[in-house]
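Notes follow the structure.
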Amino acid sequence: MAASLLYPFVLLAGALQALGNSMNAQLRVALTNPWLAALVSFLLIVFVFVAMAAVRPQPFPEKASVAAMPWWAPLGGIAGAVAVFMGLLFVDEIGAGPFNGLLITANLLASLAIDHFGWLGMKPKRLGPMRAGGAALMVAGIVLIARS
């Protein structure tokens, strides 16, 4: 399957992430305690994934594949949780546009470095002039969004 066929789903996920940040901010306001709001948010996520595992079961991994897994592989969820928690705390303070712009721009810059150096098991993809130019446009865009 061509990767470009997956782009609409990724765009949907990005739009949902922007909605989720604002929803989580309102959850924090309603529950007062940001840690409790994060717990409620993540308990719902766990429920959805448990339900999906029951509806669409997949085989369990073999011992060898778990043993070969890099030590840092399970930490991806914590990395994502930091972004969710930052949204809980800050999106209503700085606005959805600047918050998500900063989040996505930082994500893009880090992703370009990951691709360029082949970090975290990714296939290296050189940071050429077009990719660097796109990153510069993202940085310029967030500067304009955050200042207005």
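Run down 75, 36, 27 and say which single residue is surrounded by 14 or more Cβ atoms within 10 Å (Cβ to Cβ) and closer than 30 Å to residue 95 by Cα.
Going through 75, 36, 27 in turn, just one is surrounded by 14 or more Cβ atoms within 10 Å (Cβ to Cβ) and closer than 30 Å to residue 95 by Cα: 27.
Every residue in segment 47-90 that is over 21 Å from the mean Cα position of the chain (by Cα), under 17 Å from residue 121 (Cα atoms) and not in a helix (DSSP H, G or I), please.
69
Out of all the residues in segment 79-93, which are of a type in the set (Phe, Trp, Tyr) and farther than 12 Å from residue 41 by Cα?
Selection gives 90 alone.
Checking residue 110 against (1) over 17 Å from the mean Cα position of the chain (by Cα); (2) exposed (fewer than 14 other Cβ atoms within 10 Å of the Cβ), which single condition isn't satisfied?
So residue 110 meets the others, but not (1).
Among 75, 109, 127, which is the only one that is at pLDDT below 95 and of a type outside the set (Ser, Thr, Tyr)?
75
Taking the stated definitions as given, is residue 43 at pLDDT 95 or above and surrounded by 12 or more Cβ atoms within 10 Å (Cβ to Cβ)?
no
The values are calculated or read from the model by the stated rules, or taken from the named source; none is laboratory data. Since the structure is predicted, the reported quantities are computational estimates derived from the model, not experimental observations. Here Cβ is always computed from backbone atoms with ideal geometry, including for glycine, and neighbour counts include all displayed protein chains.
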